[in-house]
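A short write-up of the structure that comes next.
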Amino acid sequence: MKHEFVNRDTVVLRAVSRTYGRQLAVDAVDLNLRAGECIGLVGHNGAGKSTMIKMMLGLIRPTRGSVQVFGEDPSAGAAAKARRELGYLPENVALHPSLTGAETLAFYARLKGQPAAGNEALLERVGIAAAADRRVGTYSKGMRQRLGLAQALLGNPRALLLDEPTTGLDPALRQSFYEIIGELRRDGATILLSSHALAELEGQVDRVVVMNRGRKVADGGIPELRSLAAIPPRIRFRADGVEIDKFAGWTTMLDGRLERACAEDEVAAILRELPKSARQIEILRPTLDELYAQFQKGAE
Amino acid sequence: MRQVFIIMGKEWRDGMRNRWVLATTALLAALALTLAFLGSAPTGAVKTGALAVTIVSLSSLTIFLIPLIALLLSYDAIVGEIDRGTMALLLSYPVARWQVVFGKFFGHLAILGFATVIGYGFAGLALQLAGSDNSGAWSAFMFMIGTSALLGGVFVAIGYFISTLVRDRGTAGGIAIGVWLFFVLLYDMALLGGLVVDQGRNVTPQMLNVLLLLNPADVYRLLNLTTSNDVSGFAGVAGLGAGAGLGSWTLMGALAAWMVAPLVASVALFARRQV
């Protein structure tokens, strides 16, 4: 069983550290990315997200530790095979402005050894087929980002590493972007999305890895992160004509409502005990931004 | 090899798109034509072809112009792509770093070679059609076109070396101009000054030969001005006499070495570079 599980790991980082001069960019990070999984890599600017992605691509070698992509060291000369199965979208993707969209995609397809036949469909899929014969220099930021996504999708990669893919996309585009990501995940690809805002990833990812100053401070699904962060849910209600004294442990808020914090597994019991006259019942859970702030604080 | 060709093709297309190919070819053709018709006017009654004279003036011009064009074309090639971020994406593909350097190099060499062959060839053809008798000088003219492209290759390779050595594009541009000034102007001035001061006491002809081989522009000059009798009659002082000790194979070898060494060095540097 275990062996089978190991085989499904597409990207494995073992105690990986990376220093730039005296500055520690990534500090002893362990990470497994599995097939069919969509992972959010979250952290402030300079937390080491891009450095980690570049190490997975073999653009940068780790100072310590090992990186394996499909069982190979991506920075080794023989990694051409692994690179064929990878798709990468850099942060603020830069493309050659003098080539047209179609030429750009044809160039990258040839490098990957892919037939150019599928390019048109790919441009259609990311929604820039109409601009395929225009030079990339005339593209808007959103169009460049879509072309960048199209090149990352060349040859149906088994792993996609997307560095801040949705910055600069308008909400409609973001929606269609996540639809494409969803299809790829269903096909069994590993997808790593980096972002500096946790809230943006809600509902899009299976797992979140939170980075702070080069260290991994949290790794898990968003519900798990909630319980890890240990910010208790709070319950509020308005109870007119009820003896406030009966509710020991509840505090009265300025607007007259009662509020208390409780453990997650107490919520149902507390709700059941509320009086019939209770109105405006609210269960407050930490927002993802609060959750994120808590992790960043806890790491310091 | 396939990857090298793909990158080379892209570089060529880039050159066509941003008018490098067109501008360089037009510039070389215009200058060569000017030199061919204005420069050969004084030959008049002298018993020599206009083409031989053109070779002398054109190769003197080439020494200034081709290195400059080559360096302008190449100084940005690596550092510029790293700066703009296109290199990180390119290297995430199944491409080795040496393939990137060689592909870009051959692309730029093709642009320069095309410009030289078409630009200079056009001028030579025009002279022929204008009716002067150049039968003996044609092979020397072809040889000059070939070595001009080779000289371009040398400075493209030096430009790549600069481009992999430094961290930002501005520095690379500055160094490229410095390198151009050094090889094209300062080196010869210092060499001539040194020879005048020395009065032949310490500098032996062998030493002078070595000193000339250390500058690719001088190697080119010797190749074109001294190896053909028809031409050397006009080259005058530039012949310098020292060239007699150096066969054209030695000179060609030196020029080839000047191209290969910086290219190999830039591959080695680029392999260890952070992108």
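Taken together, the values in this text are just the output of simple stated rules run on the coordinates, not laboratory data. In this text the structure is predicted, and so the values were computed from the model without any measurement. Note: ideal-geometry Cβ built from the backbone for every residue, glycine included; neighbour counts use all protein chains shown.
Relative contact order of chain B: 28 percent, from C-alpha pairs under 8 Å at least 6 residues apart in sequence. Taking a temperature of 10 °C and a viscosity of 1.306 mPa s, what whole-number D in µm²/s does Stokes-Einstein yield for the protein assembly as shown with Rh from Kirkwood over alpha carbon pairs? Here the translational diffusion coefficient equals 56 µm²/s.
Along the charge dipole of chain A, Cβ charges K/R +1 and D/E -1, which of A:Thr104, A:Gln294, A:Ala159 sits furthest on the positive end? Towards the positive end, the residue furthest out is A:Thr104.
Working value for chain A: equivalent-ellipsoid semi-axes of 44, 24, 17 Å, each the square root of 5 times a Cα gyration tensor eigenvalue, largest first.
What the Cβ-Cβ distance of A:Asp170 and A:Asp245 gives, at R0 = 51 Å and to the nearest 0.05, is a FRET efficiency of 0.40. With Rh defined as the Kirkwood radius, the inverse of the mean 1/r over Cα pairs, the Rg/Rh of chain B is 1.01. Taking the longest Cα principal axis of chain B as reference, the axis of helix B:50-74 is set at about 20 degrees. For B:Leu214 and B:Ala30, a Förster radius of 30 Å and the Cβ-Cβ distance give a FRET efficiency of 0.40, rounded to the nearest 0.05. The relative contact order of chain A, computed from alpha carbon pairs under 8 Å that lie at least 6 residues apart in sequence, is 20 percent. Cα centroid separation, the range B:112-190 to the range A:241-300: 79 Å. The slack between A:Ile283 and A:Thr63, meaning 0.36 nm per residue of separation minus the straight C-alpha distance, is 74.5 nm. Structural descriptor for the range A:133-259: relative contact order 15 percent, calculated from alpha carbon pairs under 8 angstrom and at least 6 residues apart. A cut-off of 5 Å between modelled amide H atoms, ignoring neighbours fewer than 5 places along the same chain, links A:Thr10 with A:Leu33, A:Arg34, A:Ala35. Translational diffusion coefficient, Stokes-Einstein: compute it for the range A:165-239 using the Kirkwood radius over C-alpha pairs as Rh, at 25 °C and 0.890 mPa s, and state it as an integer in µm² s⁻¹. The calculation lands on 168 µm²/s. When only the Cβ of Lys, Arg, Asp and Glu is charged (+1, +1, -1, -1), the dipole of the range A:232-284 relative to its Cα centre reaches about 160 debye. In this label model, B:Arg272 and B:Thr204 are separated by 3.7 nm, measuring between points 7 Å along each Cα→Cβ vector.
Dipole check for chain B: with +1 at the C-beta of Lys and Arg, -1 at the C-beta of Asp and Glu, and the Cα centre as origin, the magnitude is about 700 Debye.
Ranked by the mean number of other Cβ atoms within 10 Å of their residues, highest first, the peptides A:171-184, A:152-165, A:57-70, B:197-210 come out as A:152-165, A:57-70, A:171-184, B:197-210. The calculated pair-distance distribution of the range A:1-104 uses every alpha carbon pair, bins of 5 angstrom beginning at 0, and gives 2, 11, 19, 22, 19, 13, 8, 4, 1, 0, 0 percent.
Go through A:Lys216/B:Lys10; A:Lys276/A:Lys297; A:Lys54/A:Lys297; A:Lys81/A:Lys216; A:Lys54/A:Lys141; A:Lys216/B:Lys104 and tell me which ones have a Cα-Cα distance over 32 Å in this structure. From the list (A:Lys216/B:Lys10; A:Lys276/A:Lys297; A:Lys54/A:Lys297; A:Lys81/A:Lys216; A:Lys54/A:Lys141; A:Lys216/B:Lys104), the Cα-Cα distance tops 32 Å for A:Lys216/B:Lys10; A:Lys276/A:Lys297; A:Lys216/B:Lys104.
For every other residue with a beta carbon closer than 15 angstrom to the beta carbon of B:Val184, add +1 if it is Lys or Arg and -1 if Asp or Glu, then tell me the sum. Summing Lys and Arg as +1 and Asp and Glu as -1 gives -1.
Shielding by partners for peptide B:80-92, expressed as the average number of C-beta atoms from other protein chains within 10 Å of each residue's C-beta, is 6.
The charge dipole of the protein assembly as shown, taken about its Cα centre with unit charges on the Cβ of Lys, Arg, Asp and Glu (plus for the first two, minus for the last two), comes to roughly 440 debye. Taking only the alpha carbons of the range A:232-284, we obtain Rg and Dmax values of 10.2, 28 Å in that order.
Proximity of backbone amide H atoms, modeled 1.01 Å from N, is registered between A:Arg215 and A:Asp27 at under 5 Å, excluding neighbours fewer than 5 places apart on the same chain.
Shown in residue order for the range A:224-230 are the 3J(HN,Hα) couplings computed by the Karplus curve 6.51 cos²θ - 1.76 cosθ + 1.60 at θ = phi - 60°: 4, 4, 4, 6, 5, 5, 6 Hz (x for Gly and Pro). Put simply, the amide H of A:Thr166, placed in the peptide plane, has no neighbours under 5 Å, leaving out anything fewer than 5 places away on its chain. What the phi angles of the range B:195-211 give under the Karplus curve with 6.51, -1.76 and 1.60, with θ = phi - 60°, is a coupling list of 5, 5, 5, 5, 6, x, 7, 9, 7, 7, x, 5, 4, 5, 4, 4, 4 Hz, glycine and proline written as x.
Taking the three principal axes of the alpha carbon atoms in the range A:119-174, the coordinate ranges are 30, 24, 20 Å, sorted in descending order.
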